[in-house]
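**Student:** I'd like to ask some things about the structure below.
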Amino acid sequence: MSADYTSFPVPTRQFAAPVGQHASLGRSLRGIIWLVVMAIIAAVLYFTADRALFIPLLVICGIIVYVLVAGIRVAAQWERGIVLRLGRFLGIKGPGIMYIIPFVEYVRFVDMRVLTLNIPSQRVITKDNVPAMIDGVLFFIVADPEKAVINIQDFQFAIAQYAQAALRDIVGNLTLDELLTEREHIQNRIGEIVEEHVKEWGLHIDSIRLLDINLPEDLQRMMSRQAAAEREKRANITKSEGDKLAANNLADAAHTMAASPGAMQLRSLQTIDGLGPSASNTVVLFPVEWVQFLQSMQKINQPGE
């Protein structure tokens, strides 16, 4: 079967927008501190310094205070700050207020919550040469922020690429029936492979879920006809089994009524009672004894009796 990807329908899906790297929670705090300190300095200079030097001194003090205050950072509860001093790893700070020496230290914030990455549609060929388009979603956690920042350039991009490659490798070794029926096994297997590699980057895989498995339209039509034929086959088997059971029950009932002389009369009365009173039903009652009498007379008149 040739891999004609032009026959795949284009799904319309809205993916979750990725969250930004870091929201500067300390910006307002730095602004308030700068304003308070500058107000105090301005008051002191106003009463102590020369009027001609007031403005230059105020500007110089403002620049110095701005540089000092610029080192104040605030990490949210779900964040950790990786601090580098002159390019060397210093430590992990946060959550809460921290101070970074300006021009000497650098901090990068890492989100410690469960992160979500979309796995875009991957074109894969199954083991029995059936083309398919598969997309999914990846949930992971930064277990060690130091390794996630130092050992890998961009851990989100890296883990997304590795998950896509693992997805193509796993599906390529499966048949179409296995792909459609063993989704849970496929998800677990991909998670194990990715987890084994990315743990060196300080990451932990929470889960990998396959969202959609899109097949060519002609193959979908063939599968639909096959499923309809299977359902019709099961319906015919069920109906034939029901007819067989009904025939056996009727045969057993006939034997029972033949063994009991009054059973046939009771059954006849039940049938008449089930007709109910209606103008459209005309019932002519014929005594059962007459039938038995006629049958006995027929046996007497038979030759050889």
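The values are calculated or read from the model by the stated rules, or taken from the named source; none is laboratory data. No experiment lies behind these values; they were computed from the predicted model shown. FYI the Cβ positions are ideal-geometry reconstructions off the backbone, even for glycines, and counts take in every protein chain you see.
**Student:** Return the pairs, sorted by first residue and then second, in which the second residue is among the basic types (Lys, Arg), the first residue lies in the range 55-81 and is without any contact (Cβ under 8 Å) to a residue 60 or more places away in the chain, the beta carbons are less than 8 Å apart, and the residues are 6+ apart or on different chains.
**Tutor:** Note: pairs meeting the criteria are VAL69/ARG30; ALA70/ARG30; ILE72/ARG30; ALA75/LYS93; TRP78/ARG113; GLY81/ARG73; GLY81/LYS93; GLY81/ARG108.
**Student:** Here's something else I'd like to know. Are there helices (runs of 4 or more DSSP H) fully within the range 150-257 with at least 2 residues that are surrounded by fewer than 10 Cβ atoms within 10 Å (Cβ to Cβ) and outside the structural domain of ARG88 (by TED's automatic domain parsing)? List them.
**Tutor:** Details: elements: 155-172, 176-181, 183-198.
Passing ranges: none, list empty.
**Student:** In the range 115-149, what residues are hydrophobic (A, V, I, L, M, F, W, C), within 14 Å of LYS199 (Cβ to Cβ) and assigned to a loop (DSSP other than H, G, I, E, B)?
**Tutor:** Residue satisfying the conditions is ALA143 alone.
**Student:** Across the range 51-89, what is the total count of residues that are in a strand (DSSP E or B), within 40 Å of the chain's Cα centre (by Cα) and exposed (fewer than 15 other Cβ atoms within 10 Å of the Cβ)?
**Tutor:** Count: 1.
**Student:** Let me ask something else about it. Need pairs with beta-carbon distance below 7 Å; first residue free of Cβ contacts under 8 Å to residues at least 60 places away in the same chain and farther than 13 Å from ILE190 by Cβ and within the range 120-144, second among the aliphatic types (A, V, I, L, M) and outside any strand (DSSP E or B); sequence gap 6+ or separate chains.
**Tutor:** Filtered contacts from the range 120-144: THR126/VAL171; THR126/LEU174; THR126/LEU176; THR126/LEU179; LYS127/LEU174; ASP128/LEU176.
**Student:** Now a separate question. Just the residues that are out of contact with any strand residue (DSSP E or B) (no Cβ under 7 Å at 6 or more places or on another chain) and β-branched (Val, Ile, Thr), please, taken from the range 143-171.
**Tutor:** Selection gives ILE152, ILE170.
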